[in-house]
1. In segment 343-365, which residue that is hydrophobic (A, V, I, L, M, F, W, C) and open to solvent by 10 Å² or more (accessible area, probe 1.4 Å) is nearest to Leu600 (Cα to Cα)?
2. Of the conditions (1) surrounded by 19 or more Cβ atoms within 10 Å (Cβ to Cβ); (2) under 30 Å from Asp513 (Cβ atoms); (3) of a type in the set (D, E, K, R); (4) in contact with a Gly (Cβ under 8 Å, 6 or more places away or on another chain), Asp323 fails just one. Which one is it?
3. Of a type outside the set (S, T, N, Q) and closer than 29 Å to His351 by Cα, is that true of Ile505?
4. So Phe368 ticks every box in (1) modelled with pLDDT of 95 or more; (2) in contact with a helix residue (DSSP H, G or I) (Cβ under 8 Å, 6 or more places away or on another chain); (3) surrounded by fewer than 22 Cβ atoms within 10 Å (Cβ to Cβ) but one. Which box is left unticked?
5. Within the bounds of segment 385-398, is there any residue that is over 30 Å from Ser232 (Cα atoms), assigned to a loop (DSSP other than H, G, I, E, B) and polar (S, T, N, Q)?
6. In segment 292-311, how many are crowded, with 24+ Cβ neighbours inside 10 Å and in contact with a His (Cβ under 8 Å, 6 or more places away or on another chain)?
7. When you scan segment 140-154, how many residues do you find that are at pLDDT 95 or above and open to solvent by 30 Å² or more (accessible area, probe 1.4 Å)?
8. Out of the residues in segment 82-96 meeting the condition of being at pLDDT below 90 and assigned to a loop (DSSP other than H, G, I, E, B), tell me which one is least open to solvent (accessible area, probe 1.4 Å).
Amino acid sequence: MRFFVPFRDSIRQIKLEDEIINKLINAIGSCHLEDVTAIRRLYTGVDTYNFDERTTDYEGVTIKCGETDRSAPEFVRFMISFPLELLGLQPIGGKTDIFTADYCLREFGKLLETIRLEKGNATGKEKYSGRIFIHEPGAKILLRNSSFVKEGVVYISLTIRFAVLMAAKRNVVNGKISMKLVQKHLARTIRSFVRDFDKRDFLRKAAVYTRQQEVRRILAESGYVSFVANGSILPRSDDGGAMTNAVPFKSPPEDEVTLTLSGGHKLTGMAVKEGVTVITGGGYSGKSTLLDAMLHGIYDHIPGDGREYCLTINSACKVIAEDGRCVTNLDISPFIRNVGNLQTRRFTTMHASGSTSQAANIIEALAFGCGAMLVDEDRTATNFMIRDARMKGIIKNDPIVPFTDRVRQIYRDTGVSTVLIIGGSSDYLDLADNVYIMDRYVIHNYNAKVAATRQQDFSFFDAADKELIEWQQSRVLRAKAIMTLKKDIETNRIREVITVGEDEIVVGEYKADISKLDTIVSKLQLTAVAFILRKVLTPKLEGKLNLLDTVLELYDLIDAEGLDAVYSTAFGIDFNMELPALHDVLFALSRMNGLTIETLR
């Protein structure tokens, strides 16, 4: 059952296309000035609208209607599918399909924006509002359920708010305006998208995405944590785009590498090696901007963003002090030794301090497979980060083992690298494999000068340990049969609850503050986190669930079936989702108060 949209641009063909979409128009017309529940016929009857085209010279477009929120039936979700061959493209599969879906979503959205009904439709004294909504992605290329490729077809999702009288009787629908949305606006967008699809532009931008994947493979094979191409624009403007008149990035000569990619394309820039890397410099010199660009380099960026060739291993994460976070049964004894009633081998608190929270964040990063930790001194606990030689001589029994005494040990024992922004302690200069200094937004290699002024060798910072430290802990969840139910205080009824706020998510009776997770970049990622956690928290059997293994299995499910595999319409939450970094799901799960999480060795 399909709408067929051919290539030929003629009066006859455009008329045919208008006739084709009449199938949907007729269904909408039945809603004219009736109760809003009439719209439900769009998705409670035959939910795919089609036209049986008698010619078979071309493939076609399908429009499928699906239910959204039952409490707002005038908001109806439509999924429009375009065979890739219709756009002159061939299905490739893998990560390339993520780019294809991203590109098509952006181009379809641009066409819809030019004809969108921005204002309410006024007819005399009666005011109606009707609009077509489509997700407007940011600069990152992510797996989404608002647009995806499956079996050689690209699917683009949008929501139509059919025209409802904005008066006391909210349930009155204006069918004429609703039909206009579909006939004039949606039909025109579909026609223009197919007819004017710019394959050259697609291939040019797809080549950038292909190079990004090649650079990522080189990072994994060559012992690099990150690559920043010369000419990259790292500072961001207020709208999140590349800042105008910013100083382009230029690699220090000592660290400049040239990567040869497919087609003979060459990229030159700075390669940050594995190990311990320190970036220092004065205030406002560009240190934090560089670290931020490296952090967000776990995602691919669209061409023109300025950071499209700033790429970091996908498993990199940021580690900060996070006063007030909850911690459950975590062994933080490598950093905080037992003292008094503070049992740090099974540390639990609802309000961690700066030092204990940073210790917990590092232990969790190691447990959840992070391959590099990015640390900015401005967001750390000072007493956790440093203890200089003089203070070590004065304080003999400090329960806090500073990060200086562990950073090299972590790399030696686990292979996890650390990149630090440091401006207040010279100790880290002696601990680093590579030191850089930023001066007026330009980075310089500082290794030679550090070597000439080195005060201590690595062994000076080794902490004395009575037992061998097991850095990579296995975190398990003691599961109940159903963990997402909550009693409603007003009705006294037990129901399943999911809510997604700006800084927190709630699943059942459990709440997680995720305001400090820097690599969650959109509300859509938060929605995905919430629904992934719902899957984790509703196991079929009771027992213990390994958190990392369980979330990895869900990511395999999403990879095979898409994000809609974890979504449910039962909660009135916007269906649009973007895939978050795997470690952010695990970090969010660890921050859910009340969960019974344990450490296995």
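The values are calculated or read from the model by the stated rules, or taken from the named source; none is laboratory data. Owing to the predicted nature of the structure, the values given are computational and were not obtained by experimental measurement. Ideal geometry is used to build each Cβ from the backbone, glycine not excepted, and the neighbour counts take in all protein chains shown. To get the accessible areas, we keep the full protein, side chains included, count just its heavy atoms, and leave off ligands, DNA and RNA. Shrake-Rupley method; radii C 1.70, N 1.55, O 1.52, S 1.80 Å.
1. Step one: filter segment 343-365 for residues hydrophobic (A, V, I, L, M, F, W, C), giving 347, 350, 352, 359-360, 362-363, 365.
Then keep just the ones that are open to solvent by 10 Å² or more (accessible area, probe 1.4 Å); that gives 347, 350.
Values: Phe347: 14, Met350: 21 Å.
So the residue we want is Phe347.
2. (1)
3. Details: of a type outside the set (S, T, N, Q): yes; closer than 29 Å to His351 by Cα: yes.
The answer is yes for Ile505.
4. Of (1) modelled with pLDDT of 95 or more; (2) in contact with a helix residue (DSSP H, G or I) (Cβ under 8 Å, 6 or more places away or on another chain); (3) surrounded by fewer than 22 Cβ atoms within 10 Å (Cβ to Cβ), only one is false for Phe368: (3).
5. Narrowing segment 385-398 to residues over 30 Å from Ser232 (Cα atoms): 385-398.
Okay, now just the ones that are also assigned to a loop (DSSP other than H, G, I, E, B), so 386-388, 395-398.
Filter once more, keeping what is polar (S, T, N, Q): 397.
The answer is yes, given that some residue of segment 385-398 is over 30 Å from Ser232 (Cα atoms), assigned to a loop (DSSP other than H, G, I, E, B) and polar (S, T, N, Q).
6. 2
7. 3
8. So the residue we want is Gly93.
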